[in-house]
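The values are calculated or read from the model by the stated rules, or taken from the named source; none is laboratory data. These figures come from a predicted structure and were not determined experimentally. Quick reminder, even Gly has a Cβ in these numbers, built from the backbone with ideal geometry, and neighbours come from all protein chains shown.
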Amino acid sequence: MKGQFTIWLFLIGILVCPSSGLTADLSLSGAVDTALSKNHHIQAARYGVLSSREKIIQARSGAIPQVQISEQLTHTTNPMWAFGTRLNQQNITTSDFNPDRLNDPDAITNYSTVLSVLWPIYDSGQTWYSLAQANLSQEAAAISESSARQQVIAETITAYIGVLLVRENKTVLQQILETARSHLQLVQSRYDGGFVAKSDLLRARVHIADLEQQMMEMKTRVDVAMCELNISMGMDSNLQYTLTSPLKPGNQVAEDLDIWVNKALSNRPELKQLKLQKQIALKEVDKSRALRYPSVSLSGNYEINSEEFKDTGTNYTVGGMVSMPLFSGGRISSKIREALVNLQQVQTHIKAMEQQVCAQTRQAFFNARSAWNRIAVARAAIEQSQESLRIVKNRYENGLFTIADLLDAELLVQQSLTRHLKAIHDYQLAVTRLDLAAGTIESSL
């Protein structure tokens, strides 16, 4: 009974205080999966894909017969319309031909129901070109969604390793603070023994106070970094997680620069979108030129006319029409020139984007290579700074070095540890940007 009572108290505590220090484990892959399902930018891109599908249906409808029904009420004393209305109602009598009645008819009411059908057999190819453009636009929307996914993945990875970096720096700072406190005891002991001046003791205490202030600032940086991670995942900004993926360098980038550049030119969504825009622009040129061609359409009407919904008159009309533009005031020629200019503009954008993609890929590649080399250098510096601190501490105990030498040695250890973490972070960040620049970040996961 006592055990059950304890369990009930625990469950009640969770319901009453659900956020009382409880954090969930979160791996890097888990953060990316959450972002892909929750991030609002991806959801907006998906709506763009759905919208493009509807535009295909709209474009296709131009080749399908259009059917509509209309109801019209008229009440008139216009001589021509009054006589025509009686004729449509099939209610003409010999008295209706009386000149006085023709010239000054009584008011007549008419209820007209019309069923209309219009079938554009050929509209100078406008519908088919519009349908082709709509299909290309749907492909572009899908690529835009892929681009949004890649951007969100990169932002999430960047935010995740950013949290790892500040948390690791906080751990380093905590270790340095503990070392400084142990050194304070050493300084206190030497001061009590009369071997050092009080200034050494005060300087050691000031140093610890400075480290404690850095620790408070580091806690704020952790909260800010966690907020950025939550935003990238599309979650509430105040959620806390226990990050389970470590901050490790991973493997060195293996492929040569030329391979990465070729990947980027083949896979970057922005380039794919521009190339689709080029195809759309080419279709627009053909579509504009086709305006000079004839158009053919069929039409049909079935009409019911009555004055009081009885003794109705019915009629139908069917017909076809062929039209050919002879002179448009320069509108068609101008539209063709506009389409050609737009095509040249897209081609120029493609060249500019290719240069930008190559530059981004090269920069990310060089940054990754530089960060990888800095990792080894920083790792060696850690061992050297720690050994230097050990030597300085021993000599300070023997009165050979000053407190300044001891604090400087502590600072070097702190700097070497943080630089090593920064190098690992920079390498992971550069690899992420390299995968993003090459358009392979989603497949690299």
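Tabulated data
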{"item": "Test: residue in the stretch 47-67 that is under 30 Å from residue 107 (Cβ atoms), modelled with pLDDT of 95 or more and not in a loop (DSSP other than H, G, I, E, B)", "result": "no"}
{"item": "Residue list for the stretch 88-104, restricted to those being touching a residue at least 24 places away in the same chain (Cβ under 8 Å) and either outside any loop (DSSP other than H, G, I, E, B) or over 27 Å from residue 302 (Cα atoms) (or both)", "result": "88, 103, 104"}
{"item": "Criterion: touching an Asp or Glu at 6+ places or on another chain (Cβ under 9 Å) and of a type outside the set (Asp, Glu) - qualifying residue of 222, 187", "result": "187"}
{"item": "Only listed residue being modelled with pLDDT of 90 or more, farther than 16 Å from residue 402 by Cβ, part of a helix (DSSP H, G or I) and out of contact with any helix residue (DSSP H, G or I) (no Cβ under 6 Å at 6 or more places or on another chain), chosen from 168, 217", "result": "217"}
{"item": "Matching entry among 329, 319 (being at pLDDT 95 or above and either touching a Gly at 6+ places or on another chain (Cβ under 7 Å) or exposed (fewer than 14 other Cβ atoms within 10 Å of the Cβ) (or both))", "result": "319"}
{"item": "Inter-residue pairs, beta-carbon under 7 Å, first within 23 Å of residue 291 (Cβ to Cβ) and in the stretch 311-325, second surrounded by 10 or more Cβ atoms within 10 Å (Cβ to Cβ) and basic (Lys, Arg), 6+ apart", "result": "325/292"}
{"item": "Odd one out for residue 232 among (1) among the hydroxyl-bearing types (Ser, Thr, Tyr); (2) surrounded by fewer than 17 Cβ atoms within 10 Å (Cβ to Cβ); (3) part of a helix (DSSP H, G or I)", "result": "(2)"}
{"item": "Which listed residue is assigned to a helix (DSSP H, G or I), modelled with pLDDT under 95, in contact with a Ser or Thr (Cβ under 8 Å, 6 or more places away or on another chain) and farther than 30 Å from residue 274 by Cα, from 413, 392", "result": "413"}
{"item": "Members of the stretch 123-141 found to be surrounded by fewer than 19 Cβ atoms within 10 Å (Cβ to Cβ) and either aromatic (Phe, Trp, Tyr) or within 25 Å of residue 435 (Cα to Cα) (or both), listed by number", "result": "139"}
{"item": "Residue 252 being in contact with a helix residue (DSSP H, G or I) (Cβ under 7 Å, 6 or more places away or on another chain), surrounded by fewer than 13 Cβ atoms within 10 Å (Cβ to Cβ) and modelled with pLDDT of 90 or more", "result": "yes"}
{"item": "Test: residue 120 is more than 60 Å from the chain's Cα centre (by Cα), surrounded by 17 or more Cβ atoms within 10 Å (Cβ to Cβ) and outside any helix (DSSP H, G or I)", "result": "no"}
{"item": "Top-ranked residue in the stretch 383-404 [being within 22 Å of residue 417 (Cβ to Cβ) and hydroxyl-bearing (Ser, Thr, Tyr); ranked as surrounded by the fewest Cβ atoms within 10 Å (Cβ to Cβ)]", "result": "388"}
